[in-house]
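Engineer: Please find one structure pasted underneath; my questions will follow.
The values are calculated or read from the model by the stated rules, or taken from the named source; none is laboratory data. Everything numeric in this text was worked out from a predicted model, so none of it was measured. Using ideal geometry, Cβ is built from the backbone for each residue, glycine included, and neighbour counts are taken over all protein chains shown. Side chains are part of the model used for accessible areas, which takes the heavy atoms of the whole protein and leaves out ligands, DNA and RNA. Shrake-Rupley method; radii C 1.70, N 1.55, O 1.52, S 1.80 Å.
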Amino acid sequence: MAVDLIVPLKEPSMGKSRLRGGPGCPESDHRHADLVLALAFDTLRAATATPGVRRVLVVTSAPVALAALRELGVDVVNENGEHGENGGTAQHGGGADIGLNAALRTGERVLRAEDPQCVVGALQADLPALRPDELATALAEAEGRRAFIADRHGSGTTLLLSAPGQRLDPRFGPGSARAHTLSGALPLTAPLPSLRTDVDTPGDLDHARLLGLGQCTRTVLDWTCLPS
C-alpha cells in the first residue's frame, strides 16, 4: 500500500538549536544552517528511494530557503498548503515557524484533497543515517494500521502512519511516543536503528555517525574541520 509522507521543516537557521556550536558541530551560523539542510537532504533522499513511498511533501514556513529540496523530487508547500513561495512567515529568516503538529495537519489536508483514502505518514527531517530498506520495513510492519516508530531513546517519535483514509492525529512534542500510544497508535517493534536515530544533540549526531551518515551531512561536517 503506497504511503504519502509529510516532512515538516523549520527555516534552516532556526532549527536544531541544541546542535549549534556543539562538539563536532559547526560553530558559524551559516554552517549551522548548512548542517540542518544537509540532515533534511539525506532524510529526504532516503525517503524518496523507499519502495512503497508514493509522494513526499515538505511543509515549511520558509519555502524560499528550502526550494533546493525540490531537486530531490519532493513537493514543498508553505504553511498555508500552497506551492507559491510568498505565504510563509519566516521565508527571509524572520518570524516564527508554525508548530510541528499544525504543519502536519496542513500537509494531511493537502494530500487528502487529492486522495481522500491515502495512507499518510509523518517523518522527521533529522534522520541523516536513514536507510530506505528500514523505512520500507516499517511501512510493511504497519500493514495499513495507524502506527509509529519511537526514537532510540523510547520517548520521541520519528515516524507516524495513518490507516487508509483515517486521520493521522499527530501528537508530536515531549513524550510523543507515549502520547501516540495512548491515542491508539500501534508501536512498531522492528529494531530499525537508522529510522530510530533522529538528531537533536551532538550525542545523537555521534550515534548517527556510527550507523553511517548520508553524503550531504558527511560533507558539511567535513567543512567544520576547515577554517571559517
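Engineer: If each residue of separation counts as 0.36 nm, what is the full-extension length gain between ASP200 and THR48 once their alpha-carbon separation is subtracted? Before the final figure, lay out the partial values.
Structural biologist: Details: separation 152, 0.36 × 152 = 54.72 nm, distance 2.26 nm.
Once the chain is fully extended between ASP200 and THR48, it gains 52.5 nm.
Engineer: Just to be sure I understand the model, the point goes 7 Å from the Cα along the line to the Cβ. What's the resulting GLU114 to THR219 distance in nm?
Structural biologist: Roughly 2.7 nm, to one decimal.
Engineer: Out of every Cα pair in the chain, what percent are spaced more than 25 Å from each other? List each step's numbers first, then the result.
Structural biologist: Details: 9034 of 25878 pairs.
In whole percent, the share of Cα-Cα pairs in the chain beyond 25 Å is 35.
Engineer: Another question about this same structure. Take ALA140 and SER155, extend 7 Å from each Cα along the Cα→Cβ direction, and tell me the distance between the two endpoints in nm.
Structural biologist: Calculated label separation equals 3.3 nm.
Engineer: Taking amide hydrogens as modeled 1.01 Å from N in the peptide plane, which residues meet the under 5 Å criterion relative to ASP198, leaving out close sequence neighbours?
Structural biologist: Here the answer is ARG152, since their amide H atoms fall under 5 Å of that of ASP198.
Engineer: Solvent-accessible area of MET14, probe 1.4 Å, all protein chains present, reported in Å² to the nearest ten, please.
Structural biologist: Per-residue accessible area (MET14): approximately 70 Å².
Engineer: Sort 39-48, 131-140 for me by packing, meaning the mean count of neighbouring Cβ atoms within 10 Å per residue, highest on top. Walk me through the numbers on the way to the answer.
Structural biologist: Details: 39-48: 24.0, 131-140: 19.3.
Those peptides, ordered most packed to least, come out 39-48, 131-140.
Engineer: Show the residues, 5+ positions off or on another chain, whose built amide H is closer than 5 Å to the amide H of ARG54.
Structural biologist: Here VAL3, ASP4, LEU5 satisfy the definition.
Engineer: Among the DSSP beta bridges whose two residues both lie in the chain, what percent are antiparallel, rounded to the nearest 5? Display every interim value, and only then the final one.
Structural biologist: On the way: 7 of 23 bridges.
Approximately 30 percent, going by the DSSP bridge assignments.
Engineer: If I ignore ligands, DNA and RNA and count only protein heavy atoms, how much of CYS216 is accessible to a 1.4 Å probe, in Å² to the nearest 10?
Structural biologist: Number for this one is 40 Å².
Engineer: Still on this model: Can you list residues whose amide H is under 5 Å from GLY156's amide H, if they're 5+ apart or on another chain and H is modeled 1.01 Å from N?
Structural biologist: Residues meeting the amide H criterion: ASP151, ALA177.
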